[in-house]
Structures are given as C-alpha cells and as structure tokens.
Amino acid sequence: MTSNPVQPDLPDDALTLSGGGRMPLLGFGTWQIKGKQAVDATAVALETGYRHLDTATVYG
C-alpha cells in the first residue's frame, strides 16, 4: 500500500438505492484477480477513491 496514493479524477455519478444509500456507478472490477495481487490491487483501489467493488464472476 502506498502512503501517498495518486488521486484519479473519478466520476461522482451514483445510483440511489431503495434504502436511500448511494452506490457509485463506476466500480473496480476484481474478476480473475487472485491472491496477494487481488488484495494489493483492491487496497490501492480503495486508497485512490473507489467505493464500489465489482466482485461478480459472471453476468447474465
């Protein structure tokens, strides 16, 4: 993990959920990332501003 992460210009578009919470439309996809690489990549995504983690293994 980094102590001074780069802050990307993430869009702030979000969907309002039925319970009133908001979910960002842009998610960090984790498909096919495994082990330490998955942990490290997810940590960096959170540090840089992602708040939606897409962990789906299949769509449809």
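FYI, it's all coordinate maths here, none of it is from the lab. In this text, all values refer to a predicted model and were calculated from it rather than measured experimentally. Here the Cβ positions follow ideal geometry from the backbone for every residue, glycine too, while neighbour counts run over all protein chains shown.
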Problem set entry | Proxy reagent accessibility, fewest Cβ within 10 Å first, across THR48, THR57 | THR57, THR48
Exercise. With the contact rule set at Cα under 8 Å and sequence spacing of 6 or more, what percent relative contact order holds for region 11-60?
Worked result: 38 percent
